[in-house]
1. Short version: ³J(HN,Hα) in whole Hz for each residue of segment 35-46, in order, from phi by Karplus 6.51 cos²θ - 1.76 cosθ + 1.60 (θ = phi - 60°), x for Gly and Pro, what are they?
2. Restrict the search to segment 47-104; then list the trypsin sites (Lys or Arg not before Pro) that DSSP places in a loop and that have at most 16 other Cβ atoms within 10 Å of their Cβ.
3. For Met109, list long-range residues whose amide hydrogen, built 1.01 Å from N in the peptide plane, is under 5 Å from its own amide hydrogen.
4. Name the long-range amide H neighbours of Ala77: under 5 Å, sequence gap of 5 or more, or other chain; modelled H, no Pro or chain starts.
5. Mind checking which lysines have their Cα closer than 22 Å to the Cα of Lys35? Skip sequence neighbours fewer than 8 apart in that chain.
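What follows is calculated from the coordinates using simple rules that are stated; it is not laboratory data. This one's a predicted model, so the numbers in the text were calculated from it and none came from an experiment. Because the Cβ atoms are built from the backbone with ideal geometry, glycine has one as well, and the counts that use them run over all protein chains shown.
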Amino acid sequence: MPQDPFVMSDNPGDDSDASLLVDTRPKTERPKLYKVLLLNDDYTPMEFVVHILEQFFGMTHAQSFEIMLTVHKKGVAVVGVFSHEIAETKVGQVMDFARRHQHPLQCTMEKEE
Ligand code: TYC
């Protein structure tokens, strides 16, 4: 009895009489995350960098000092991971503050893969 609309298929797993296929894929994308990076230079005072990490990234003095030393020794460190908007704000705050104090400190962001 092929294609009789009132008789269900006998074959298990056969969708031929199903009227609805449910799409179970989530409709929301995960927000992309961005790493905020601090770069070393030879001129910005260590205490200035520590202050920035406390002020703009909510770190304790001990955490700030540790990250500052990592940047000083390795050249760069991730200081936080944020949404695009927050990362952009942090980079702007750091660059503004450094420029106002005439230090060459560089702060950038990059997409986390
Ligand atoms: N290298 C700097 C100095 O010796 C200190 C420093 C640390 C500068 C971290 C920038 O992101 C930085 N005064």
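1. Using θ = phi - 60°, the values come out as 7, 9, 10, 10, 10, 6, 8, 8, 10, 5, x, 4 Hz.
2. Passing both the DSSP loop test and the Cβ count: no residue.
3. For Met109, the qualifying residues are Leu37.
4. Amide H to amide H, under 5 Å and 5 or more residues apart or across chains, Ala77 pairs with Leu38.
5. Hits, sequence-local ones excluded: Lys73, Lys74, Lys90, Lys111.
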